[in-house]
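Let me begin by presenting the structure, written as structure tokens, before commenting on it.
The values are calculated or read from the model by the stated rules, or taken from the named source; none is laboratory data. None of the values given here were measured: they were computed from a predicted structure. Using ideal geometry, Cβ is built from the backbone for each residue, glycine included, and neighbour counts are taken over all protein chains shown. For accessibility, only protein heavy atoms count, side chains too; no ligands or nucleic acids. Shrake-Rupley method; radii C 1.70, N 1.55, O 1.52, S 1.80 Å.
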Amino acid sequence: HSLFVVVALTGLKLEWKSPPREAAAVPWRYALAQLAPMSLVIAVLAGGVAMIDPLALVWLLPVGLGTAMRAQNYLLIPEETKSPTVLRRAWLHASQRTRPLLRAA
């Protein structure tokens, strides 16, 4: 946000590209390769915390608990369990526009 404010104030040109909005399947091998370094860092940090004060890990438990609860669809707002009608209609229209038109011969 700060960058956009500076650009607006100075008049510099900034190209902004919208990120992809549709989800795509991610192969497990790719996901593991991308997440392994971060997971290793988290495991090392958790080990360090456990060596200093094992009870401190209890304070970190809500993060994992929240993730597990979300996976079971607990504590979600309605928009997270069922998309709003206007979005579902937009997705329907978008999918219809991307299908090739079939013409009767």
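Which is closer than 22 Å to residue 23 by Cα, of a type in the set (Gly, Ala, Ser) and more than 19 Å from the chain's Cα centre (by Cα), of 90, 71? Answer to the check: 90.
Restricting the first member to the range 61-80 and to residues that are in a loop (DSSP other than H, G, I, E, B), and the second to residues that are surrounded by 10 or more Cβ atoms within 10 Å (Cβ to Cβ) and of a type in the set (Gly, Ala, Ser), no beta-carbon pair is closer than 6 Å while six or more apart or on different chains. Could you tell me whether the range 55-62 includes any residue that is at pLDDT 85 or above, aromatic (Phe, Trp, Tyr) and open to solvent by 90 Å² or more (accessible area, probe 1.4 Å)? Among the residues of the range 55-62, at least one is at pLDDT 85 or above, aromatic (Phe, Trp, Tyr) and open to solvent by 90 Å² or more (accessible area, probe 1.4 Å), which makes the answer yes.
The residues of the range 15-48 that are in a loop (DSSP other than H, G, I, E, B), of a type in the set (A, V, I, L, M, F, W, C) and more than 16 Å from the chain's Cα centre (by Cα) amount to a single one, 16.
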